[in-house]
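What follows is a short report on a single structure.
The values are calculated or read from the model by the stated rules, or taken from the named source; none is laboratory data. Nothing here was measured: the structure is a model prediction, and the numbers come from that model. Note: ideal-geometry Cβ built from the backbone for every residue, glycine included; neighbour counts use all protein chains shown.
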Amino acid sequence: MLEALAGRRVLVTGHSGFKGGWLCLWLDRLGAEVRGISLPPPTDPSFFAATGVDGLVDSRFADIRDAKALQEAAAGFDAEVVFHLAAQPIVRLSHREPADTFATNVVGTANVLDLARSMPSLRGAIVVTSESFSPLIVALRFPLRMPWNWKSCRVVIRIVLFPYRVIRSSQVRYWSAVSTPPGNFVRTISM
């Protein structure tokens, strides 16, 4: 897989976050031409600035919920591979702001896949999310709230992916990084 990304044009959403930042560092080391699209880093200092990701990739700030802003941020970049990592990943925030969480994680994913579909050279798109809690644990911690806002986004994202599973003969992959003791693992679901 390393050779497959060397020299490729790669679009990474969520590049100002932790996972997206690490992916950009890795892609840069492989020699890929990377354009990153995300919101500005939410903290100062940030991993994004501390590691110099901002200087390694063609960085654009746009909200994936805004299809027009997303298209403008990607203008002139015909990606061969799209890694979609942009999301609202904070479970507690999903309880306070469920509509914003759905808009980012579901509508934003559809906007990114629409963008990917418009790229003539696209060979594949990979959608990444994380599962950082057990529904049982969340139900015990938040017994008076419905604990499903964030989890249900993940289910709806899988539904949203269905019509995009073939993009001009390219497969869309859905990766779920699952945090479980004692470490992390990744499973892929072929769409």
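Observations on the structure shown:
- Of the residues making up the stretch 54-79, those that are under 16 Å from the mean Cα position of the chain (by Cα) and assigned to a loop (DSSP other than H, G, I, E, B) are A62, D63, I64, R65, D66, A79.
- Filtered residues of the stretch 1-19 (kept if under 16 Å from V128 (Cα atoms) and at pLDDT below 95): G17, F18, K19
- Test: G36 is free of Cβ contacts under 8 Å to residues at least 60 places away in the same chain, assigned to a helix (DSSP H, G or I) and either more than 16 Å from the chain's Cα centre (by Cα) or surrounded by 20 or more Cβ atoms within 10 Å (Cβ to Cβ) (or both): no
- Among the criteria (1) exposed (fewer than 13 other Cβ atoms within 10 Å of the Cβ); (2) assigned to a strand (DSSP E or B), the one R29 does not fulfil is (2).
- L56 being closer than 11 Å to T13 by Cβ and touching a Leu at 6+ places or on another chain (Cβ under 9 Å): no
- Search result, residues across the stretch 1-24 that are buried (at least 18 other Cβ atoms within 10 Å of the Cβ), aliphatic (A, V, I, L, M) and over 18 Å from M119 (Cβ atoms): L23
- In the stretch 39-53, the qualifying residues are those that are more than 15 Å from the chain's Cα centre (by Cα) and surrounded by fewer than 17 Cβ atoms within 10 Å (Cβ to Cβ), and the one that is nearest to R9 (Cα to Cα) is G52.
- Within the span defined as the stretch 116-133, one or more residues are among the small types (G, A, S) and either modelled with pLDDT under 65 or more than 20 Å from T13 (Cα to Cα) (or both).
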